[in-house]
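Take a look at the structure set out below.
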6 protein chains.
Amino acid sequence: MIYITRRERFNAAHRLFRSDFTDKQNSEVFGKCSNPNWHGHNYELFVTVKGEVNPETGFLINLKELSLLINKVIIEKIDHKNINLEVDFMKGKFASTEVLSIAIWEQLDDHVKSLGAELHCVKLFESENNFVEYYG
Amino acid sequence: MIYITRRERFNAAHRLFRSDFTDKQNSEVFGKCSNPNWHGHNYELFVTVKGEVNPETGFLINLKELSLLINKVIIEKIDHKNINLEVDFMKGKFASTEVLSIAIWEQLDDHVKSLGAELHCVKLFESENNFVEYYG
Amino acid sequence: MIYITRRERFNAAHRLFRSDFTDKQNSEVFGKCSNPNWHGHNYELFVTVKGEVNPETGFLINLKELSLLINKVIIEKIDHKNINLEVDFMKGKFASTEVLSIAIWEQLDDHVKSLGAELHCVKLFESENNFVEYYG
Amino acid sequence: MIYITRRERFNAAHRLFRSDFTDKQNSEVFGKCSNPNWHGHNYELFVTVKGEVNPETGFLINLKELSLLINKVIIEKIDHKNINLEVDFMKGKFASTEVLSIAIWEQLDDHVKSLGAELHCVKLFESENNFVEYYG
Amino acid sequence: MIYITRRERFNAAHRLFRSDFTDKQNSEVFGKCSNPNWHGHNYELFVTVKGEVNPETGFLINLKELSLLINKVIIEKIDHKNINLEVDFMKGKFASTEVLSIAIWEQLDDHVKSLGAELHCVKLFESENNFVEYYG
Amino acid sequence: MIYITRRERFNAAHRLFRSDFTDKQNSEVFGKCSNPNWHGHNYELFVTVKGEVNPETGFLINLKELSLLINKVIIEKIDHKNINLEVDFMKGKFASTEVLSIAIWEQLDDHVKSLGAELHCVKLFESENNFVEYYG
């Protein structure tokens, strides 16, 4: 069993808030992350897949194909976008790094299988000091 | 003459657009950076000051004071904010990294003098691949 | 189950030595790391906690609170200090990165529980080339 | 149980190809990574070992010794070399990061035991965007 | 006057040698960098251009265009290639980082002018410990 | 004219204080950096030299020789040492990054000339947020 990781990046705006809260309540619970005029991040996404090395190719997976997949299914939908307003797989969801990591996992899981590997981990950096890991 | 640099960081939303353009025109000129729903970045700001080492303290400047200054004059006004809508020193300005670097210089210049040093460079990273330097 | 990591940093002096060894013995076993006049490091500390995402907040844990906790329980006691002489939770212990990681775990474990999460990993970099991980 | 990691680096040339393929076939399957005139990388190697902290030394393992071991068994054989042509432990093997990680594991495994620890993970970066982990 | 920098990357094989030297002489002068079977690097290229901010666009230069230019004129010709054998703008030249930086400058200089800016610096990292800067 | 930079690293303990101050006065002026029991850093040192590319070698300078020089003249004297107590070229000097950068310049200047290049800049990082540059 071997584990391969591909890094991709996206820049997006977001806001932490609950629609059943007033702006004042959101501000008390989520602080400046709840700014109604949004803020944003350079997100770094590490996608790790696992499986056996294919004796035919010497690869577990073609990393070019994994990169194309992540770009098609995730990056094109979220890069230079507003996570709360414009990203189909985040519709109706809370825009925290935790929830976003789980949503990215759900978007990728089946597609990774179709490449002949298994999704192992989605690791998402919101900043150099904060990151989330989700293993399904 | 010695040069000292302090790094600070802020996360903000922005959008590249001209109010005298339609959304369609803005999109043609500025591409996905003109998304009307905003996007955002983790900005990295490097402020370099220069001067003589103070023989009394062995310092050019107390870096704690420089950090406090940058936080008071820049970071508190822009961190977790929308650069186009909420930052007083960017009011009416185009929200590019170039223009933002110049505006940060103008905010800092006099204050650095009052600390006994001279502002030398404002270096601003928008991403790991893009940055701007302004020397006044 | 989701994993969240917060990075904090501290600068400290230390020395590798055993009080039942002579300086000569310490030097033979621990090399230049045993310099009686101390040396020091910029330590990077990654604290990973795990748990379920709280459906109320969309968070596992408020990272601001985790950061405050790490600062109160660890950073304020060790930053700009001598690990061998001044850090209460290292009293009488060998000042290696291994032992320090375990001591940091012991300091944090109960406090993380009180935030509603579980401590998963303490990862401590002594330099860009050397780091230790402890999982309890 | 504690985990310690040592980072080492090497620069090497390689090419992805199968000797039973024509250059045209290799190019179709492996793309520009199959360039017959070679290309190369700055590889970053992270070797993680695990075990109990030795109560005598306060160490799991002397990192200097681990570094010397990795240099003797891996770096001296592969640094500034052609992985396909000159590295004894890659003879007859496909020069992918996956296969290279497994080969490095096999080279190190017994030697790490002789230092009193157990090999836990070989992590190999081919670029800032791609890396492989192997756990035996 | 403002300075903007774009980072691009390429992976390539090379060898330091003079054709009028024997392999033994090359080895004596250039050490392991002269390995006849090549070695390689992940090069990081920082291209800095300077000029006035265009009041029409708020840009000095469209960084997308600068990136496309660097890719067309440099990266496509050198990425996953052998610098000594396959790169037209290095034909007959010594494949050191110094000479390569100057050659990249010469390739870019006129093209940057046609984008309405002036080339200021080519900075080329061969490794995390070594880099070259050329200002024309 | 071309500029080449070599990075080296050292770990050291230090303390900011003036011997004509009481501990209380030192503490008021220099804060926690004046801890009488010392603290320390992983310093990163970037030495930049300049000159013409030697047409004979294609080099400005052999970076191996520059690295050996920096190690002999600086690193061996300061790595794993106490800057205030044990470093000959800092004897009687204030142990700030500013003063240390100037002292490193003075140690290196003549030696760099003897390698056939000219010292251009000493850049010294005390932490990821603070660094000093000295150009003579």
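What the table below lists for this structure:
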{"read-out": "Kirkwood hydrodynamic radius of region D:54-105, from inverse mean 1/r over distinct Cα pairs, in Å", "value": "12.6 Å"}
{"read-out": "Isotropic mean projected area of the C-alpha convex hull, region E:91-136 (nm²)", "value": "3.6 nm²"}
{"read-out": "Charged-residue dipole, Cβ positions (Lys, Arg, Asp, Glu), region C:4-136 about Cα centre, Debye nearest 20", "value": "280 debye"}
{"read-out": "Note, ³J(HN,Hα) from phi for region E:16-29, Karplus 6.51, -1.76, 1.60, rounded to Hz, x at Gly and Pro", "value": "8, 6, 10, 5, 8, 9, 6, 4, 5, 5, 4, 5, 5, 7"}
{"read-out": "Per-residue ³J(HN,Hα) for region B:105-120, Karplus 6.51 cos²θ - 1.76 cosθ + 1.60, θ = phi - 60°, Hz, x for Gly and Pro", "value": "3, 5, 5, 8, 3, 5, 4, 5, 4, 5, 8, x, 10, 10, 5, 10"}
{"read-out": "Label-point separation in nm, E:Gln25 to E:Lys93, each point 7 Å along Cα→Cβ", "value": "2.3 nm"}
{"read-out": "Charge-dipole axis of chain B as Lys and Arg at +1 and Asp and Glu at -1 on Cβ define it, positive-most pick from B:Ile2, B:His14, B:Val99", "value": "B:His14"}
{"read-out": "Separation of alpha-carbon centers, region E:65-136 and region D:1-54, rounded to whole Å", "value": "26 Å"}
{"read-out": "Max mean-square fluctuation residue, GNM over chain E, Cα-Cα springs under 10 Å, options E:Glu56, E:Glu76, E:Glu28", "value": "E:Glu56"}
{"read-out": "Kirkwood-based shape ratio for the protein assembly as shown, expressed as Rg/Rh from alpha carbons", "value": "0.94"}
{"read-out": "Percentage, to the nearest whole number, of Cα pairs in region D:1-50 over 17 Å apart", "value": "53 percent"}
{"read-out": "Value at 222 nm in deg cm²/dmol, rounded to 500, when DSSP H runs of n ≥ 4 in the protein assembly as shown each add -39,500 (n - 2.57)", "value": "-8000 deg cm²/dmol"}
{"read-out": "Cα lying deepest toward the dipole's positive end in region B:11-101, options B:Ile75, B:His41, B:Gly31, charges on Cβ", "value": "B:Gly31"}
{"read-out": "11 Å reach of a label modelled at F:Glu128, 7 Å along Cα-to-Cβ, counting backbone N of region A:97-136", "value": "A:127-130"}
{"read-out": "Spatially near lysine pairs across region E:35-97, Cα under 15 Å, sequence gap of 8 or more or different chains", "value": "4"}
{"read-out": "Vicinal HN-Hα couplings computed from phi for region C:122-136 (Karplus, 6.51 cos²θ - 1.76 cosθ + 1.60; Hz; Gly/Pro x)", "value": "10, 10, 10, 8, 8, 7, 5, 9, 9, 8, 10, 10, 10, 10, x"}
{"read-out": "Theoretical gain in end-to-end length, D:Glu52 to D:Glu76 [0.36 nm per residue, Cα-Cα removed]", "value": "5.7 nm"}
{"read-out": "Using a 7 Å Cα-to-Cβ projection, E:Glu76 label spacings across copies, nm, ascending", "value": "2.2, 4.6, 5.2, 5.2, 5.9"}
{"read-out": "For chain B, convex hull volume per residue from C-alpha positions, Å³", "value": "103 Å³"}
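FYI, it's all coordinate maths here, none of it is from the lab. Note that the structure is a prediction, hence the values are computed from the model and not measured. As a convention, Cβ positions derive from the backbone with ideal geometry for all residues, glycine included, and neighbour counts pool all protein chains shown.
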